[in-house]
Amino acid sequence: MTQEFANIVQRIKTIRKNKKRSIHDCASILNIPKERYLQFEQGEAALSLPQIEILSVFLGVPIQKIFDGNIPDEEFSSLMEGETKSKYISLRHKIIQAKFNLERENADLNLQTLSDNTQIPLEDLQAYETGERIIPLNHLFSISEALQMPIDSFIDQTLLTSENNDQQKDQVEWEPEFPKDTQQGASDGDQLYDQLLQAIKMIPTEDLARIAKILLNSLKSL
């Protein structure tokens with residue numbers, strides 16, 4: 001387990017206790033067994049980045065604070081609804097998978113070399129590339145280091161700071177085809193999901209086209 005990942009685990013554990021949330025609460029939010037979440041806090045298992053993002057929303061802490069260790073006292077968001085949360089996690093996994101494929105291709109690094117550099121089994125990397133398995137956060141740290149890119153580049157940019165979240169609430173709806181009254185009735189969870197889609201639109205056009213191709217190929221295999 002990398003030191004960066006160990007630090008994140010400890011911070012989440014500290015935040016959870018400060019917020020008076022139980023292990024059962026966090027496991028229920030992530031829809032995983034309580035035993036698996038306990039293994040995560042004990043450093044014996046890893047969650048994925050989208051799951052960490054969901055935890056940050058549940059615990060009311062901007063995800064950047066979980067990564068850099070500067071923990072604020074204020075709450076910044078409410079939890080998205082179950083259906084939206086499921087869509088969010090699914091889409092985030094696909095975006096992370098696509099970005100992994102794109103950055104590895106840009107680095108001209110084959111999977112065997114990446115396996116040698118990260119000590120991640122080749123069969124795991126192959127499953128990550130095809131989307132057969134989600135990338136656990138500890139492996140994502142190792143991959144980002146091997147690709148010489150910051151872990152922040154994989155994070156949903158709309159969750160990086162509470163200030164960004166507040167700014168999004170003040171902006172005009174980004175999809176004008178939606179009636180204004182429909183948007184006003186949307187839940188905070190729907191708004192967060194829309195922010196994710198908005199973040200996708202901010203990706204450079206040349207990268208977005210390649211990511212879209214990877215995502216479409218992944219969806220065809222479902």
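Since every read-out is calculated from the coordinates, none of them should be taken as a lab result. Keep in mind it's a predicted model, so treat the numbers as computed, not measured. Here the Cβ positions follow ideal geometry from the backbone for every residue, glycine too, while neighbour counts run over all protein chains shown.
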Cα gyration tensor, the range 118-157 - rounded (a/c under 1.5), prolate or oblate: oblate
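Quick one: Glu129, Glu145, Glu105, fewest Cβ neighbours within 10 Å first, how do they rank? Intermediate values should be presented prior to the final figure.
Working: Glu129 18, Glu145 15, Glu105 12.
Neighbour counts put them in this order, fewest first: Glu105, Glu145, Glu129.
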Estimated dipole of the range 83-154 in Debye, rounded to 20 [Cβ of Lys and Arg +1, of Asp and Glu -1, Cα centre]: 400
Inter-probe distance in nm under a simple model that places probes 7 Å from Cα toward Cβ, at Ala107 and Glu44: 3.1
Quotient of Cα Rg and 2.2 N^0.38 Å for the range 3-68, N being how many residues it contains: 0.97
